[in-house]
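Presented below is the structure to which this report refers.
The values are calculated or read from the model by the stated rules, or taken from the named source; none is laboratory data. Keep in mind that what you see is a predicted model, and the values were worked out from it rather than measured. We place every Cβ from the backbone using ideal geometry, glycine too, and count neighbours over all the protein chains shown. The protein model used for the area step is the full one, side chains on, heavy atoms only, and it has no ligands, DNA or RNA in it. Shrake-Rupley method; radii C 1.70, N 1.55, O 1.52, S 1.80 Å.
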Amino acid sequence: MYLICFFCVLNEFTTNKVIMMTSEECYGYEYLDEKDKEKIDALNNPKAVKVIDRFLKICKPAKVVVIDDTQEDINYVRQLSIDLGEEIKLEMPGHTIHYDSYFDQARDKGNTRLLVPVTEKEKYGTHINTIDRDEGLKEILDIMDGCMKGKLVVIRFFCLGPTNSRFSISALQITDSAYVAHSEDILYRKGYEQFKRLEGSEDFFYFVHSAGELTEKNVTKNIEKRRIYIDLEENRVFTVNNQYAGNSLGLKKLALRLAINKALKENWLAEHMFISAVYTLDKSRKTYFLGAFPSACGKTSTAMVPGNAIIGDDIVYMRVDKEGIPKAVNIESGIFGIIKDVNPKDDPEIYKALTSPCETIFSNVQITDEKPYWLGMGDDIEIPEIGINWTSSYLGEWKTGKKDEKGNELSFSHPNARYTLRIEELENADEALHDPDGVKVSAIVYGGRDSNTSVPVYQSFNWSNGVFVGAALESETTSATLGQAGVRKHQPMANLDFIVVPLGQYFQSHLNFVKEVKEENHPLIFSTNYFLKDENGKYYDEILDKKIWLLWAEGRVHGDYDAIKTPIGYIPKYEDLVDLFKGAFDIDYEKSRYEAEFSIRVGKFLDKFDRIEKFYANEKDMPEEFFFELEEQRKKLLEAKEKYGTDTISPFLFS
Ligand code: OXD
Ligand code: MN
């Protein structure tokens with residue numbers, strides 16, 4: 001057999017020249033057996049062949065396996081992760097534990113960069129981490145040269161969004177981590193057959209990941225060479241020397257970045273949002289909500305509020321359908337959730353799933369006698385003093401009280417430790433989970449971690465004001481990214497970490513989104529804040545009170561409640577909240593609490609708007625609507641302050 005293959009072109013450094021190869025030289029031939037070659041041939045996709053060939057040759061693994069959608073192949077990956085020691089079986093059937101390096105416990109924002117031609121750098125403003133494309137490609141391809149030596153590489157195909165849908169995006173993953181390939185199997189829909197439906201099109205994303213050299217404990221050794229480089233020009237991401245899923249899994253936050261760029265060009269939205277069905281207390285009605293919350297601000301638990309149903313907890317694609325109705329799908333089919341504070345009281349559905357036999361990967365928790373232990377799992381659970389945990393690959397056996405090099409006490413389970421499971425394992429999975437048409441979006445919630453400014457819930461005046469509310473979202477930092485926790489940061493649409501297009505254009509795409517939507521179908525936009533504290537630093541809200549704020553918002557969608565107009569938006573009336581607290585929890589919601597948490601703190605809001613103005617000061621092409629809303633809100637706040645003669649305006653004064 002001596003076919004000519006025209007698809008193998010030289011890389012970026014050699015330009016234009018097309019070299020011809022025999023089929024034997026293609027696909028990094030020496031790595032693939034006949035069966036796997038056939039699987040790739042069957043895709044009929046020249047670009048996929050070219051990509052696989054090129055990156056196997058660069059990364060030089062020992063062996064490669066191609067996984068299709070069959071159960072046999074999928075089981076193989078699951079077992080491989082255990083055989084290679086990337087996951088260890090736990091006592092409960094289906095449960096495994098995976099550890100990331102002590103230094104790789106969260107997303108690495110500093111080393112995640114967008115490759116942009118040097119001439120275009122300025123248009124990306126000051127908040128997007130960029131590197132010159134040529135320089136970045138050279139750097140990462142050098143690191144990737146031989147990075148998979150001695151390793152078995154898994155090639156997989158996935159579909160972002162339900163298969164066979166106008167939302168579907170195909171993705172090719174090349175990784176030397178069986179844990180990554182296994183996690184993606186839990187979190188995403190199979191995509192080998194979907195890839196065939198591309199009929200040779202180049203319109204797919206691809207991801208090359210290498211955990212790099214591993215220590216004898218199976219964690220990444222060369223953390224200082226951890227790099228995550230996003231290349232919009234080729235719809236691809238290279239990620240090396242990491243294992244933590246937020247850094248390593250192509251389909252998760254790496255694909256979100258590529259999708260944001262694609263969405264901007266094609267007039268739809270790719271967002272860092274959950275989808276859930278909010279039910280009325282009598283279960284007579286359900287309404288689909290999307291919600292954007294920065295990491296570790298109650299996003300998954302909002303999506304999981306008891307009594308509601310979940311479609312997804314992290315990423316959505318939103319499009320307007322032919323009838324002018326905004327629809328959304330979860331691009332994932334699983335949850336990579338923070339395990340801290342998952343307990344029978346605060347997160348009953350997830351707790352039930354995590355303590356039942358089903359395919360679940362725990363990561364970075366403590367394991368003792370093959371059982372997992374995590375922070376906030378419940379007061380009645382005694383945490384054993386010894387075991388292994390997220391520190392063990394660096395500091396050896398775990399013993400309570402262990403300290404780091406600086407003398408700080410370490411926690412037995414990392415605050416950003418996670419679980420990975422399929423949404424279908426949850427009793428509250430919504431029936432529309434895989435609906436290729438998506439669900440109608442009736443409301444969007446933006447929520448941050450804010451101890452002293454905003455009220456627990458308010459409704460924005462209209463779509464454009466709501467886009468401003470999303471753009472103005474701030475949050476105190478948490479443990480989901482590396483760096484200091486507790487610092488107030490700006491978090492537009494909770495998506496800043498993933499936005500790879502100029503911010504002004506991104507907001508404009510939100511403003512434009514409803515152009516084809518009749519006014520009555522515009523989703524209502526709400527703001528929530530579960531983290532408001534009293535003067536003694538105590539939270540006003542219990543963890544599950546978010547159910548009430550959602551119920552009120554759901555009622556607003558259907559015109560069930562009147563509301564109080566304030567300078568920032570509409571807030572609930574006291575009587576309606578009394579009924580909701582009584583109906584949902586049999587609790588008397590006190591007037592004094594309502595007055596304290598729903599007062600409008602004029603000075604604090606004005607401070608916030610000053611911070612926002614500064615944040616966007618150097619951004620190009622910000623929509624005019626943004627500054628109009630900013631000025632309007634300021635004006636209304638100052639007028640109210642003047643009218644009522646106080647800086648903290650009681651909600652009763654407005655009514
Ligand atoms: C996540 C994150 O893991 O946003 O979802 O960090
Ligand atoms: Mn997320």
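Looking only at the stretch 337-356, decide whether some residue is open to solvent by 10 Å² or more (accessible area, probe 1.4 Å), closer than 19 Å to Val445 by Cβ, of a type in the set (Lys, Arg) and touching a residue at least 24 places away in the same chain (Cβ under 8 Å). No: the stretch 337-356 contains no residue that is open to solvent by 10 Å² or more (accessible area, probe 1.4 Å), closer than 19 Å to Val445 by Cβ, of a type in the set (Lys, Arg) and touching a residue at least 24 places away in the same chain (Cβ under 8 Å).
Check Asp621, Asp588 and return the single one that is touching a Pro at 6+ places or on another chain (Cβ under 7 Å), assigned to a loop (DSSP other than H, G, I, E, B) and open to solvent by 10 Å² or more (accessible area, probe 1.4 Å).
On the way: Asp588 fails: touching a Pro at 6+ places or on another chain (Cβ under 7 Å).
Unique residue meeting the criteria: Asp621.
Report yes if some residue within the stretch 486-500 is more than 16 Å from ligand 1 (Cβ to nearest atom), in contact with a strand residue (DSSP E or B) (Cβ under 9 Å, 6 or more places away or on another chain) and in a helix (DSSP H, G or I); otherwise report no. Checked against the condition, which is being more than 16 Å from ligand 1 (Cβ to nearest atom), in contact with a strand residue (DSSP E or B) (Cβ under 9 Å, 6 or more places away or on another chain) and in a helix (DSSP H, G or I), the stretch 486-500 yields no hits at all.
Checked against (1) closer than 14 Å to Leu172 by Cβ; (2) modelled with pLDDT under 85, Val9 meets all criteria but (1). Summed over the stretch 322-340, the residues that are within 17 Å of Pro162 (Cβ to Cβ), in contact with a helix residue (DSSP H, G or I) (Cβ under 9 Å, 6 or more places away or on another chain) and of a type in the set (Gly, Ala, Ser) give a count of 2. Per the listing Glu629, Glu639, the residue uniquely assigned by TED's automatic domain parsing to the domain that holds Lys565 and open to solvent by 40 Å² or more (accessible area, probe 1.4 Å) is Glu639.
I need the full set of residues from the stretch 458-476 which are under 20 Å from Lys565 (Cβ atoms) and either out of contact with any Lys or Arg (no Cβ under 8 Å at 6 or more places or on another chain) or open to solvent by 10 Å² or more (accessible area, probe 1.4 Å) (or both), in order please. Break it down stepwise before answering.
The initial filter retains those residues of the stretch 458-476 that are under 20 Å from Lys565 (Cβ atoms), namely 458-469, 472.
Within the stretch 458-476, Tyr458, Gln459, Ser460, Phe461, Asn462, Trp463, Ser464, Asn465, Gly466, Val467, Phe468, Val469 qualify.
Taking the conditions (1) among the small types (Gly, Ala, Ser); (2) more than 23 Å from the chain's Cα centre (by Cα); (3) farther than 20 Å from His182 by Cα in turn, Gly376 satisfies each one other than (2). Within the stretch 440-463, the residues that satisfy the criterion of being more than 19 Å from the chain's Cα centre (by Cα), outside any loop (DSSP other than H, G, I, E, B) and not aliphatic (A, V, I, L, M) are Lys440, Tyr458, Gln459, Trp463. Pairing each residue of the stretch 242-266 that is assigned by TED's automatic domain parsing to the domain that holds Lys190 with any residue that is within 16 Å of ligand 2 (Cβ to nearest atom) and polar (S, T, N, Q), provided the two are 6+ apart or on different chains, yields C-beta distances under 7 Å for Asn242/Ser248; Tyr244/Gln105; Ala245/Ser183; Leu249/Ser183.
Contact map, the stretch 102-120: first residue within 23 Å of Ser393 (Cβ to Cβ), second residue of a type in the set (Lys, Arg) and open to solvent by 10 Å² or more (accessible area, probe 1.4 Å), Cβ cut-off under 6 Å, separation 6 or more or different chains; pairs are Asp108/Arg226; Asn111/Arg226; Asn111/Arg227.
Looking only at residues of the stretch 550-585 that are in a helix (DSSP H, G or I) and basic (Lys, Arg), we find that the one that is least open to solvent (accessible area, probe 1.4 Å) is Arg556. Restricted to the stretch 515-549, and to residues there that are part of a loop (DSSP other than H, G, I, E, B) and polar (S, T, N, Q), the residue that is farthest from Asp321 (Cα to Cα) is Asn536. Being part of a strand (DSSP E or B), crowded, with 22+ Cβ neighbours inside 10 Å and of a type in the set (A, V, I, L, M) is the filter here, so list the residues in the stretch 184-238 that pass it. If the condition is that a residue be part of a strand (DSSP E or B), crowded, with 22+ Cβ neighbours inside 10 Å and of a type in the set (A, V, I, L, M), then Val208, Ile228, Ile230, Val237 are the ones that fit. Only strands (runs of 3 or more DSSP E) whose full extent lies in the stretch 341-437 are considered here, and the ones with at least 1 residues that are farther than 30 Å from Ser165 by Cβ and of a type in the set (D, E, K, R) are 371-373.
Residues are listed down the side, and each one gets a yes or a no for (1) β-branched (Val, Ile, Thr); (2) out of contact with any Lys or Arg (no Cβ under 7 Å at 6 or more places or on another chain):
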{"residue": "Asp53", "(1), (2)": "no, yes"}
{"residue": "Ile67", "(1), (2)": "yes, no"}
{"residue": "Ile74", "(1), (2)": "yes, yes"}
{"residue": "Gly85", "(1), (2)": "no, yes"}
{"residue": "Arg133", "(1), (2)": "no, yes"}
{"residue": "Lys149", "(1), (2)": "no, no"}
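Restricting the stretch 361-375 to residues that are surrounded by fewer than 24 Cβ atoms within 10 Å (Cβ to Cβ) and touching a residue at least 40 places away in the same chain (Cβ under 8 Å) leaves a set whose member that is nearest to ligand 1 (Cβ to nearest atom) is Leu375.
Would a scan of the stretch 290-307 turn up a residue that is at pLDDT 95 or above, at negative phi and away from ligand 2 (no atom under 16 Å from the Cβ)? No.
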